[in-house]
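The values are calculated or read from the model by the stated rules, or taken from the named source; none is laboratory data. As the structure is a prediction and not an experimental result, all values here were calculated from the model. Glycine also receives a Cβ, built like all others from the backbone with ideal geometry; neighbour counts cover every protein chain displayed. These area figures cover heavy atoms from the full protein model, side chains too; ligands, DNA and RNA do not enter into them. Shrake-Rupley method; radii C 1.70, N 1.55, O 1.52, S 1.80 Å.
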Amino acid sequence: MITLHHPFTETAVRALCAGEAVRVSGRVCTGRDRLHKHLAEGGACPADLRDGALFHCGPVVVPLSPDPAQPSDGRGGWRVVAAGPTTSIREEPYMARVIERFGVRVVIGKGGMGEATRAACARFGCVYLQAVGGAAALIAQRIKRVAQVHFLEEFGATEALWELDIEGLEAVVGIDASGRSLYDEVRDASAMRLRRLLG
Amino acid sequence: MDWTDTLAELIRRTTSDLPADAEAALCRAVDVESPDSQAALILRALVENTALARQQSTPLCQDTGTLTFFWEVPPGTDTAALEQAARNAVARATHNGWLRRNTIDTLTGRSVDSNVAEGCPVCHFEQRAADGEGSCKTPRSMGVPPMKHGQDARATPVRKGFCKSPEGHAAGIEVWLLQKGGGSENMSRQFSLPDETLGAGRDLEGVRRCLLHAVWQTQGFGCAPGVLGVCIGADRAEGFLVAKRQLLRSLDDAAPEPELAALERRVLEEANALGIGPMGMGGTTTLLGVKIAARTRLPASYFVTVAYLCWACRRRGLRVSSDGSLHWLN
C-alpha cells in the first residue's frame, strides 16, 4: 500500500492514480461547511494548509479534563472518540477556490466531488481521497493527538478546524491529479445499467 | 426504575453496537465482492469498525444523527415525564461522548452543545390498547393495517418487537430508538406519481422506477450500502414517518403483503446490479435491504416516500414490563 506523509509534495500527489489504496500520516486539518465558506470568501486560515490535507470531518471530541476554565481555543486538551468523513459535495462551491488560495494538496472526504474540484486537482496538483464513510471508531484510532483547535467558539465543536496528528489513515484515491474521477466512471456506468433496467 | 439511566443505556447501545442482522449482512457482503477490490477493502473496514465501536462503547459513526424515540405506552402514561427522561438521557450521552454535539440553532448558527432543544430529541408516542387477548397488536405506523380479531394472516406483525410477548405487556412500555445520520437523511425523498420524467405511473411498476432512480441519485451521498424504508400512499407528512419506521424492521424480514415482499426482493436485486457499490466506488453491494409499506391515499394523490438509511443502521429497542423488569429487544 502507498504511504503519504505530511507535508505532501506535488510529486507524491501527482504520482497517485484513481483507485489506489493509500495510508496517510502526519498533520491533517478538519473542515466542514462553515470553514470552507469562510476560506473561499477571503477569510484567513489560522492553520497552515500549504502542502497540507483538509479532511471533511466533524469529529466527536471530549475534553481530557473536566475543568471548564480550560482555554477553549488552545493547544491540546481534547480527545477524539469518533471521526469520519462527511459528504464532500457540499463543499463543491468552495473547494476549488480553497485549493488554489491555500495550496491544499490532499482533500479527504467521502462520495467524491464535482467538475470544479476535479479541474482544480489537475491544475494545482491536488488529490481527493475517499475515507471509509461511517468507520468512525476505526478512524479515531488512527488519530494520535489533537494538536490544536481553531474557531471552536465561532463554529462549534463539530464545524471547528481541528489540527490532528494521524497515523496510517486508510483511504482510496477517488480523484487523481490527472483529472480522473472514479465517481464519474461509476456514475456513468451505473446510469447505463439503470437505463437498461428501466427499458 | 430510573428512565434516564435506562434511556442513556439505550443510546449507548444504539450508537456503539450495530444490530446483529446488519453486521451479518456486511459480513456476507465482504464475501460477495472480489477480494482485491475497493469494495471489499471498504466493507472489511466497516466490519472491523463495528467490532471496535462495540468493544470501546464509542460511536460507530461520528454523525450520531437525529435521535427518534418511538414509544408504545399503555393508556394513562405520563408521556411528558418519559419525554423529559429522553432529553436528560441525550444530554448525559452527549457529555459522555456517545453523541456528537450535533445540534445547530438554525437562526443563529450556534451549536446547541447539549443536543437538547424544543422537539429534539424527537419522541413519537402511540397508545397501545390494553387488549388482554392473545392477538398481536401492531401499531398503525409499522406498515400493517390495525388488526381486527378474526382478520386473515395479512395483518401478521412484521417485527417481533411490536408483538405481544407471551406473558402479555398490556401495562408495559416499549421504546425503539433510531439514530439516522444527516448524510442519509439528506437523501430521503418523495415522489408524486405519475412522474413523466421517470416514466412512473400509479402502480407498483411506477414505484419500482422511483426506487431504482432514488438509489442511483444517492450514490456519492449517503454511505452505501444502505437500506430503503418506503411508504406508498398516505399524505406527504405521514409518508415520511411511515417510511422512516420501516427502518426499524429487521433486514431479514419481508413485507406481509406478497406483492410488496416481491417488490422488496426485486428492487434489492436490481439496485445491487447497478454497480454503484460501497461508498459509490463500484461493486455489487449497494443496498442491504428494502422495506416497503403501503397506506391508503386520496384519489388525487399517489406518493412514494423513500427514507434512505446508511449502512450504520443504528436501531435498538427495549421493553419495561408492568412488573418493572427490563428486556432488550435486539
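In the complete set of protein chains, residue-level accessible area for A:PHE55 is approximately 10 Å², probe 1.4 angstrom. Averaged over its residues, the stretch A:2-198 has an accessible area of 37 Å² per residue, based on protein heavy atoms and a 1.4 Å probe.
Using protein chains only (no ligands, no nucleic acids) and a 1.4 Å probe, work out which residues of the stretch A:41-65 have their accessible area cut by at least 20 Å² relative to the chain alone. Buried-area filter returns A:GLY58, A:VAL60, A:VAL62.
At a threshold of 50 Å², the residues of the stretch A:129-157 that become less accessible to a 1.4 Å probe in the full protein assembly than in their chain on its own are A:VAL132, A:GLY134, A:ALA137, A:LEU138.
The Cβ shell under 13 Å around B:GLY282 holds other residues with a net charge of -3, Lys and Arg each +1, Asp and Glu each -1. The mean sequence separation of alpha-carbon pairs under 8 Å and at least six residues apart, normalised by the residue count of the stretch B:182-309, gives a relative contact order of 41 percent.
Other residues within the sphere of radius under 13 Å centred on the Cβ of B:ARG202, judged by their own Cβ, net out at -1 (K and R +1, D and E -1).
On association of chains A and B, roughly 3800 Å² of accessible area becomes buried (total for both chains; probe 1.4 Å). Note on the stretch B:182-309: semi-axes of the ellipsoid equivalent to its C-alpha gyration tensor, largest first and rounded to whole Å, are 22, 15, 14.
Let me confirm one metric for peptide B:45-57, namely the mean number of other chain beta-carbon atoms within 10 Å of its residues' beta-carbons.
Across the residues of B:45-57, the mean count of other-chain Cβ atoms within 10 Å is 5.
Remark on A:ARG145: its backbone amide H falls under 5 Å from those of A:ASP165, a criterion applied only to residues 5 or more positions apart or on other chains, H modelled at 1.01 Å from N. Each stretch of four or more DSSP H residues adds -39500 (n - 2.57); spread over every residue of chain A, this sum gives -8500 deg cm²/dmol at 222 nm.
Sorted on the mean count of surrounding Cβ atoms within 10 Å across their residues, most packed first, peptides A:116-122, A:47-53 read A:116-122, A:47-53.
Relative contact order for chain B: 23 percent, from Cα pairs under 8 Å spaced at least 6 residues apart, divided by residue count.
Among the protein heavy atoms of the stretch B:254-302, carbon and sulfur supply 60% of the accessible surface, probe 1.4 Å, non-protein parts ignored. Only beta bridges with both residues in the stretch A:53-192 are counted; by DSSP, about 70 percent of them are antiparallel.
Accessible area per residue (1.4 Å probe, heavy atoms of protein chains only) ranks A:ARG145, A:ARG34 as A:ARG145, A:ARG34, with the largest value leading.
Would you mind working out the accessible area per residue for the stretch B:213-308, using a 1.4 Å probe, and quoting it in Å²?
Solvent-accessible surface per residue comes out at 30 Å².
Computed on the Cα trace of chain B, the radius of gyration divided by the Kirkwood hydrodynamic radius gives Rg/Rh = 0.96. Summarising the overall dimensions of the stretch B:1-96 from its C-alpha atoms, the Rg and Dmax are 17.3, 58 angstrom. Residues of the stretch B:180-228 that bury at least 10 Å² of accessible area once all protein chains are present, compared with their chain alone (1.4 Å probe, heavy atoms only, ligands and nucleic acids left out), are B:GLY183, B:ASN186, B:ARG208, B:ARG209, B:LEU212, B:HIS213, B:TRP216, B:GLN219, B:GLY220, B:PHE221, B:CYS223. Taking the DSSP bridge list for the stretch B:182-309 and keeping only pairs wholly inside it, about 60 percent are antiparallel. Taking 7 Å steps out from each Cα toward its Cβ at A:SER25 and B:GLU205 produces label points 5.9 nm apart. Take each residue in B:100-111, count the other chain C-beta atoms within 10 Å of its C-beta, and the mean is 4. Report D for the protein assembly as shown in µm² per second (integer): Stokes-Einstein, Kirkwood Rh on Cα pairs, 20 °C, 1.002 mPa s. Using the Kirkwood radius from Cα pairs, D works out to 90 µm²/s. Rounded to whole numbers, the Karplus 3J(HN,Hα) couplings from phi for the stretch B:174-182 are 10, 9, 10, 10, 10, 10, 10, x, x Hz, using 6.51 cos²θ - 1.76 cosθ + 1.60 with θ = phi - 60°, and x at Gly and Pro.
For chain A, the Stokes-Einstein estimate of translational diffusion at 25 °C and a viscosity of 0.890 mPa s comes to 144 µm²/s, using the Kirkwood hydrodynamic radius over alpha-carbon pairs. Magnitude of the charge dipole for the stretch B:182-309, about its Cα centre and with charges confined to Cβ atoms of Lys, Arg (+1) and Asp, Glu (-1), is about 220 debye.
Of the accessible area of the stretch A:2-198, computed with a 1.4 Å probe over protein heavy atoms only, carbon and sulfur atoms account for 51 percent.
Bridge orientation summary for the protein assembly as shown: considering DSSP beta bridges with both residues in this region, about 65 percent are antiparallel. Distance between the C-alpha centres of the stretch B:180-222 and the stretch A:84-115: 27 Å, rounded to the whole angstrom. Helix content alone sets the calculated 222 nm mean residue ellipticity of chain B: runs of n ≥ 4 DSSP H residues at -39500 (n - 2.57) each, divided across all residues, give -10500 deg cm²/dmol.
So for A:GLU20, A:GLU100, B:GLU269, what's the accessible-area order with a 1.4 Å probe, most first?
Ranked list, largest accessible area first: B:GLU269, A:GLU100, A:GLU20.
Across the stretch A:140-146, rounded Karplus estimates of 3J(HN,Hα) from the backbone phi angles (6.51 cos²θ - 1.76 cosθ + 1.60, θ = phi - 60°) give 4, 5, 7, 8, 8, 6, 8 Hz, Gly and Pro being marked x.
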